[in-house]
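Written below as structure tokens is the structure these notes are about.
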Ligand SMILES: C[S@@+](CC[C@H](N)C(=O)[O-])C[C@H]1O[C@@H](n2cnc3c(N)ncnc32)[C@H](O)[C@@H]1O
């Protein structure tokens, strides 16, 4: 699947190095991120030109964040996650970066502390990773975005949270062009019975769809037992869209 994406082999190698440093397996969850990033590098190279800011909403083990940094595709990553998962993301990021570099380039941006330095240095190279707790999602409005990535994460949120993130993406699109890569289950019933539907996310008619299809590398997973490849619980759609502002 990744053969047609030129940057895959480089990204694949970096994933190998990152996971080794973190003492964890280069498993399917990481491989999905590697393939996705090489797909994005093909489809929106200007958003991954080393100068951009990318929001990663709902990363896991900071896999996408690390790949973006390791391949020098971005100037800054804004990493948003639920508090406990964010802590895990940051822990694994530190395992890869080392304590010294982590302390130098990663900042938690929280409303309680003000964190004015982040606002002042919005365009500086110093803080390459800005971490934000999901409960503080409104802080996103202070940060620019060129590309936003959400993989298998909005499918876990109640629609109001998805709408909140769409709202922040559209505010960012007021300032400059924003691409959104959204890869989530077509439909999922959440534990409280709420149904989350990809097509019901607050897309707008003028969002320009660049890719819109079932995600080829997100339909089946592998296990080391026969028949090896099995379908996920339902189809997963991926969409790369140039987002309109409100
Ligand atoms: C199934 S994991 C997917 C992780 C990774 N993106 C992947 O593709 O494997 C779902 C992720 O969404 C995050 N998440 C759930 N609700 C969220 C919210 N309201 N805001 C941000 N992240 C959220 C979870 O903490 C978790 O990191």
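For the condition over 28 Å from residue 46 (Cβ atoms), exposed (fewer than 13 other Cβ atoms within 10 Å of the Cβ) and in contact with a strand residue (DSSP E or B) (Cβ under 7 Å, 6 or more places away or on another chain), residue 229 qualifies. Among the residues of region 72-89, those that are surrounded by 20 or more Cβ atoms within 10 Å (Cβ to Cβ), touching a helix residue (DSSP H, G or I) at 6+ places or on another chain (Cβ under 9 Å) and more than 18 Å from residue 28 (Cα to Cα) comprise 73, 74, 77, 78, 79, 80, 81, 86.
So, residue 172, is that one over 21 Å from residue 86 (Cα atoms) and touching a residue at least 24 places away in the same chain (Cβ under 8 Å) or not? Here the answer is yes, as residue 172 does meet what is asked. Restricted to helices (runs of 4 or more DSSP H) entirely inside region 1-111, those with at least 1 residues that are modelled with pLDDT under 95 are 99-105. Among the residues making up region 71-90, a single one is free of Cβ contacts under 8 Å to residues at least 24 places away in the same chain and more than 13 Å from the ligand (Cβ to nearest atom): 72. Each residue in region 41-64 was checked for being surrounded by fewer than 24 Cβ atoms within 10 Å (Cβ to Cβ) and within 16 Å of the ligand (Cβ to nearest atom), and 2 of them qualify.
Within region 165-178, the set of residues being within 12 Å of the ligand (Cβ to nearest atom) and either surrounded by fewer than 16 Cβ atoms within 10 Å (Cβ to Cβ) or within 14 Å of the chain's Cα centre (by Cα) (or both) comprises just one member, 165. Search region 90-99 for residues being surrounded by 21 or more Cβ atoms within 10 Å (Cβ to Cβ) and touching a strand residue (DSSP E or B) at 6+ places or on another chain (Cβ under 8 Å), and hand back the single one that is nearest to residue 30 (Cα to Cα). It comes out as 93. Kindly indicate whether any position in region 188-209 is away from the ligand (no atom under 11 Å from the Cβ), assigned to a strand (DSSP E or B) and under 14 Å from residue 243 (Cβ atoms). Looking through region 188-209, at least one residue is away from the ligand (no atom under 11 Å from the Cβ), assigned to a strand (DSSP E or B) and under 14 Å from residue 243 (Cβ atoms). May I ask you to verify whether residue 184 is touching a helix residue (DSSP H, G or I) at 6+ places or on another chain (Cβ under 6 Å) and assigned to a loop (DSSP other than H, G, I, E, B)? No; evaluated as a whole, the condition is false for this residue.
Could you tell me whether region 12-22 includes any residue that is without any contact (Cβ under 8 Å) to a residue 40 or more places away in the chain, out of contact with any helix residue (DSSP H, G or I) (no Cβ under 7 Å at 6 or more places or on another chain) and closer than 20 Å to residue 211 by Cβ? No. So, residue 7, is that one in contact with a helix residue (DSSP H, G or I) (Cβ under 7 Å, 6 or more places away or on another chain) and over 18 Å from residue 92 (Cβ atoms) or not? The answer is yes for residue 7.
The values are calculated or read from the model by the stated rules, or taken from the named source; none is laboratory data. This structure is a prediction, so every number in the text was calculated from the model and none was measured. When we count neighbours, we look across all protein chains shown, and the Cβ atoms used for this are built from the backbone with ideal geometry, even at glycine.
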